[in-house]
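Rule-based calculations on the coordinates, nothing more; no lab input. Since we're looking at a predicted model, the values are computed, not measured. All Cβ positions, even for glycine, are placed from backbone atoms using ideal geometry, and neighbour counts span all protein chains on display.
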Amino acid sequence: MLKLFTKRTFPIGVDLSGDYLRMAQLGFDGERILLSSSAGVDRPQDIAPGSPEWQKWAVWTIRELIKACGFKGKSVITALPCEDVFIDQLRLPKMPEKKIAQAASEKVGPKLPFPIADAMIKVIPLDSAGSSRSEIDVLVMATPRVKIARHLAIYENAGLDICGMSVWPEAMISSFVHFFSRRQEEADTIALLIGIENPHTNIVICRQKDLLFARSIPIGFNQLRQGEMVQRLIAEIDACTRYFDSVAGGQRIQRLMFLAGKVVESDICAKIADLARRLQIPAQLGDVLSAVDKQPGSDAHIDRRNNRTNWATPFGLSLTNHSS
């Protein structure tokens with residue numbers, strides 16, 4: 001009888017960027033996570049990202065997918081698009097927790113490409129052993145308020161209720177922990193997560209649920225069609241690992257997880273495997289779509305066998321409040 005009461009469907013995770021819309025809803029049957037519904041659409045090429053036409057397209061498409069693809073309820077958890085978020089990692093003097101946000105805002109302000117008075121700032125303390133006892137490391141994420149308002153208006157106009165707004169590093173970590181890092185002996189393993197999207201590549205370094213580093217690199221699949229850009233991307237990822245080594249106080253990356261669809265370009269996989277060999281760590285392709293079974297009667301509108309899409313972010317958003 002107990003299992004009957006633990007069955008539930010999670011909110012819809014919505015990953016909306018300037019280039020695409022991906023929606024996924026997962027559930028729990030009392031024993032395991034299942035895929036309830038999912039759908040994805042690329043932005044039409046004749047619509048400019050972030051334009052009023054893009055907003056109208058997003059509202060209309062969300063409404064249509066909700067009706068056509070069997071999503072349950074109106075609750076959604078979303079994250080701001082990577083291209084709308086400025087990210088910086090800071091080291092601050094140790095201080096009372098209530099003063100950290102103000103100190104971080106003052107330090108990051110001169111670096112922002114927009115006025116700090118117009119920004120919404122989120123400060124995430126990092127679990128770093130590299131700082132001294134008198135210092136703390138934080139990740140600062142800043143977005144213009146007007147872009148947040150635009151994002152929220154899309155869901156309001158689509159008739160949905162936002163029950164949470166996360167950030168993409170936490171969504172990536174959520175998918176990684178739920179699907180690829182469940183063994184007890186992996187609890188202290190430091191992992192490098194790589195997620196390549198159309199316009200960008202997201203990098204996260206974590207220890208289970210603890211965020212240690214995050215960066216979005218403005219090189220994605222769209223640019224990787226040019227051969228030399230693959231090597232440039234690998235050089236950028238390598239720079240991220242070297243920066244982490246310099247601030248981590250002896251902590252070392254122990255695992256590489258390439259979050260991607262089952263079907264991914266062999267050249268990219270080979271370059272990432274080469275990077276893992278240089279770091280002397282194991283590498284794995286992590287396709288969240290292959291890691292979860294469909295719920296009976298599911299309306300998951302995805303070709304699982306020929307999937308080229310990384311679904312880690314919308315899956316992770318749907319799982320935001322689920323404790324494994």
> Most mobile of Gln102, Gln254, Gln284 per a Gaussian network model of the chain (Cα springs, under 10 Å)?
Replying inline: Gln102
> Can you give the net charge of the other residues whose Cβ lies under 10 Å from the Cβ of Ala191, counting K and R as +1 and D and E as -1?
Replying inline: +1
>> Greater than 21 Å separation of Cα atoms is the criterion. Which listed pairs, Lys94/Lys209; Lys98/Lys147; Lys94/Lys122; Lys99/Lys122; Lys111/Lys147; Lys122/Lys147, meet it?
In response: Lys94/Lys209; Lys98/Lys147
>> Rounded, prolate or oblate, given the Cα gyration tensor of the stretch 172-286, with a/c below 1.5 counting as rounded?
In response: prolate
> Hey, how many Å between the Cα centroid of the stretch 26-44 and the Cα centroid of the stretch 242-301?
Replying inline: 20
>> If each DSSP helix of 4+ residues adds -39,500 (n - 2.57) and the sum is divided by the residues in the chain, what number results at 222 nm, nearest 500 deg cm²/dmol?
In response: -10000 deg cm²/dmol
> Taking the stretch 19-91, which trypsin sites (Lys or Arg not before Pro) meet the DSSP loop condition and have no more than 13 other C-beta atoms within 10 Å?
Replying inline: Arg32
>> Defining a contact as two alpha carbons under 8 Å apart and six or more residues distant in sequence, what relative contact order in percent does the chain show?
In response: 22
> What is the dipole size for the stretch 181-324, taken about its Cα centre, with +1 at each Lys and Arg Cβ and -1 at each Asp and Glu Cβ, in debye to the nearest 20?
Replying inline: 120
>> Using Cβ counts within 10 Å as a stand-in for footprinting exposure, how do His322, His200 rank, fewest first?
In response: His322, His200
> Karplus couplings for the stretch 14-25 from phi (6.51 cos²θ - 1.76 cosθ + 1.60, θ = phi - 60°), rounded to Hz, Gly and Pro as x?
Replying inline: 10, 10, 10, 10, x, 9, 7, 10, 10, 10, 8, 10
